[in-house]
Structure formats: structure tokens, C-alpha cells
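Computed from the coordinates by the stated procedures, all read-outs in this text should not be read as laboratory data. Given the structure is predicted, the values throughout are model-derived calculations rather than measurements. Cβ placement follows ideal geometry from the backbone for every residue including glycine, while neighbour counts extend to all protein chains displayed.
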There are 2 protein chains.
Amino acid sequence: MDIAILGGTGDIGEGLALRLAADTSHEVLVGSRDAKKAETKAEEYTTELDSRGLDREVYGFENVAAAEAADVVVLAVPPYHVGDTVEAVADALDDGDVLVSPATGMKRDEEGFHYHKPGAGSVTRIAADAAPEGVAVVGAFHNLAAARLANLDADLGIDTLVIGDDEDAKGIVADVAEGIEGLRALDAGGIANAPEIEGLTPLLINVASNNEGLHDLGIRFQ
Amino acid sequence: MDIAILGGTGDIGEGLALRLAADTSHEVLVGSRDAKKAETKAEEYTTELDSRGLDREVYGFENVAAAEAADVVVLAVPPYHVGDTVEAVADALDDGDVLVSPATGMKRDEEGFHYHKPGAGSVTRIAADAAPEGVAVVGAFHNLAAARLANLDADLGIDTLVIGDDEDAKGIVADVAEGIEGLRALDAGGIANAPEIEGLTPLLINVASNNEGLHDLGIRFQ
């Protein structure tokens, strides 16, 4: 399968690109608004993989070209760019393509990080509202620490929650996620259930920052 | 230490009373608005403990009497009774006593359960606003499945998040929580961080209801 990671030059994008390339046989396409930046980053990822004896090439493209070539398109962009990004690549998406929304909105006060719930209800819902007909949106990868994901020496042993209103699309994304070693995909229902998942991310940061020895936390349901 | 569990006849109260009595040396006082009900339930708990060879007596009282006798008072009541319950027992609390808030507000739609954030910001904040001066409020035990807690054959191996604006009180509650076998207490900061913790409870229910083989879920940060 061809997987585009739009915003794939950012930190969560880097982690997903490296893990998918290292652990699965999917083609990984790094997207950016700046094609040159995408190419440079893709080369970096390829070098990193090569240094580990992994003969895997990651390719970089402008977002639209990456989306055009892909079956699964991950929106690894900041929450306030999710709607715009979907609109920018909408014409490049085919019927049956799947958009994946991992972003969450956060704000910070003296106590820590808090979920900044968008007016639409959730960031995943923003993506769904912007998606063209025939393209399902699935929420996943919300609660993964970028630095841990990008460090291929770090074990995961954690869960990612998958939500969506199209069961087939959800199954495709769950399979992609479970291709990453140590990551278990759990079904958390429909997109209406997104806020509680997006709200987990600030909690993970708060727990890490208040407990010595814990950092880059993930979560395991058990 | 003497620990009162107000609403200790309900399901989360039952789980906490049994676990604390089974695993710690704290005195456990079951509170209810109905003294008779508290006594009956306390006898049931004592019988359950005895059937496992645990020589531990649990006592039942009307809420005010339970709070009067205790150093730590757990508000194991529905979220809409938290404020009233604190006010009802306020005169029975001494300076330095600690109130513990485990409740969370939820509503349900076709997709699943959702966090019902109170106007005050969180249920833990409602408790804090109602507490008399000199009595600290700590949030804890929000994300525990009642049935699993009450089944002393069930292993935990999960975390509870502790929040509060008084570090000493938070330490007391963390120690009480860690007295329960298999429960790890993690510091999640101040009461301002309560919404993300209370919002985890509906998520745990949604994940359990969407994945075969998972039920009475807890959470582990790792």
C-alpha cells in the first residue's frame, strides 16, 4: 500500500515515516507544502534506515503529489492546518482513499496542558467535514510521543486508538498501525468519540512532566 | 489511618472498600445517607473478606458519622451528589482531613460514552469549591472499573492518576492508593488538570465496548 504522510517533515510525521518504513512493506511518501524540504527529509530518513541495515527508500513530494500517489493519507500537520490541508489535496484523492487524522488541539496554562476542543467537536471531525465524498476519515495515532516513535531503538508496547464511521477504512488503518512493531490498534468507535481520545494527549504530557523517570509516555489499555 | 468511603454502598465504593480492607491496614468506614444500608453493606464486605481468610472488619455508618471518624474521606457518590455530599459532611471534617474525588460526569449517545464536563470545570473542582477551609481536595481513583476492583481475584496492574493543589494531601492519597496491590499512583499535577483525567473514564468504556475480549479496562502509562 502507498502511504502519504503530509506534514511528514514534522516530528510526529518523522516518527510515523520511520516506523512504517522500518517495520512494514508499505511505500512511504513524505509530503510537505515545500517539495524541496520533503525531499531533504526523505533522504534523511532513508539514510537513518540505511544506517540500521534497512534497505528502504522513503520519497519526498509536495503534499498534493504525495496524496495523489497514495491510498492512505496521514494528516500529520498541526490541528489548525488540518482543514486547509484536506482542501488542498482534495482533488488528488480517489474514491476509496482513506484520510488519517492524528492531530489534537492543546493549550497550556501554569498547571499543564489541556485539550483545546475545536468548535467542530474534534480535530478528527474537522478532517471529516473537509473530506471529499467517497474518502473516509479515520482518527488514529493521536497519543504517540513523537520522539519515542522516531527513535527506532525505543520499544513501544503501547496502544493506538482507531475511530471512524466507515468500518472498512477503519480496518485498513488498524492494519497499517499494527504493522508497526509493538503498536496495538484498538477500536474506539465512531468519530463522535474523538474528543476523549484527542484529550488523552495533554494528559500524557502532564503525567510525564509530574513523575520523575517517565517521559515520552504512551498508554496501554489492560 | 481511618478512611471513610461515602457512597460506599455503590459499586466503585464497594471496590475501594474491599481492596483497601484486603490490601492495607487502614480502617475502612463505609458511609451512606442511610446508616442501615451502610451497616448491611459493611457486613457483606466483612463476610466477603472473611471468606478469603482475611480477618478484617469493615464498619458502616451514616455519611456524617463516617466522615467524622475519618482522616481521608472518599466521595464515591454520583457526580451530581458531590457538592451536596461535601456540604452535608463539612462540619464533621477537621483541619488537615483530606477529601478524595473519584467521580466523573458522563453522557451517552449512539456512538458511546462522552465526558460531560461540569460548568465548574470538573467534578474534582466541584468538590474543591464545596470543601471547607483547611480541608484539601485530591482527585484520584477516577479511571478504575468498579467490577474489576470489587473482584478480589482480578489482578490490577494499572495506574490511578492523582491530582491536587496541596502536595501533602496528594502524597497522603498517593500512599493510600499504592497500598492497593497492583495499583500505581501517578502525579498528574493540579486540579486544573482534572478534565482530561475525568474524560478518560468514558474512553475506557468505549474501548471496552468496541473490542472483543476487553472489559473492565484500566490504563497503564508506559
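When chain A is treated as a GNM with alpha-carbon contacts under 10 Å, the residue of A:Lys170, A:Lys41, A:Lys107 showing the greatest mean-square fluctuation is A:Lys107. The share of C-alpha pairs in segment A:3-127 whose separation exceeds 26 Å stands at 24 percent. Here the protein assembly as shown is treated as a sphere whose radius is the Kirkwood value from Cα pairs; by Stokes-Einstein at 25 °C and 0.890 mPa s it diffuses with a coefficient of 107 µm²/s. For segment B:91-133, the list of GluC sites (Glu not before Pro) that fall in a loop by DSSP and count at most 14 other C-beta atoms within 10 angstrom reads B:Glu110, B:Glu133.
In summary, the aspartates and glutamates within cross-link reach of B:Lys36, defined as a Cα separation below 18 angstrom excluding same-chain residues under 8 places away, comprise B:Asp11, B:Glu14, B:Glu44, B:Glu57, B:Glu62, B:Glu68. Values of log10 I(q)/I(0) for segment B:167-210 across q = 0.30 Å⁻¹ run -1.01, by the Debye formula with one identical scatterer at each alpha carbon and no solvent.
Starting from the Kirkwood radius over alpha-carbon pairs of segment A:20-82, derive D by Stokes-Einstein at 20 °C in a medium of 1.002 mPa s and give it in µm² s⁻¹. In µm²/s, the coefficient rounds to 177. Within segment B:105-163, the percentage of alpha carbon pairs spaced more than 18 angstrom apart rounds to 54%. Considering only A:Asp71, A:Asp34, A:Asp153, the mean-square fluctuation computed in a Gaussian network model of chain A, springs between alpha carbons under 10 angstrom, is largest for A:Asp153. Considering helices alone, the calculated mean residue ellipticity of chain A at 222 nm is -11000 deg cm²/dmol, with DSSP H runs of length four and up weighted by -39500 (n - 2.57) and normalised per residue.
I need the shape label for segment A:98-221. Rule: rounded when a/c is under 1.5, else prolate if a/b > b/c, else oblate, with a, b, c from the alpha carbon gyration tensor. In terms of gyration-tensor shape, oblate. Counts of other chain beta carbons within 10 angstrom of each beta carbon in peptide B:205-217 average 4.
Relative contact order for chain A: what percent, with Cα pairs under 8 Å and sequence separation of 6 or more? Value for chain A: 19 percent. Around the Cα centre of segment B:1-103, unit charges on the Cβ atoms of Lys, Arg, Asp and Glu (plus for the first two, minus for the last two) sum to a dipole of about 360 debye. Here the Gaussian network model covers chain B, with springs between Cα atoms less than 10 Å apart; of B:Val74, B:Val176, B:Val138, B:Val176 fluctuates the most. Per the Kirkwood formula applied to alpha carbons, segment B:2-210 shows a radius of gyration over Rh ratio, Rg over Rh, of 0.94.
Of the residues B:Ala128, B:Thr201, B:Phe61, the one whose Cα sits farthest towards the positive end of the charge dipole of the protein assembly as shown is B:Ala128 (charges of +1 on Lys and Arg Cβ, -1 on Asp and Glu Cβ, taken about the Cα centre). Under a model in which nothing but the beta-carbon of Lys, Arg (+1) and Asp, Glu (-1) is charged, segment A:66-205 shows a dipole of about 620 debye around its Cα centre. Counting only DSSP beta bridges with both residues in chain A, the antiparallel share comes to about 15 percent. Normalised radius of gyration (Cα atoms, divided by 2.2 N^0.38 Å) for segment A:58-121: 1.35.
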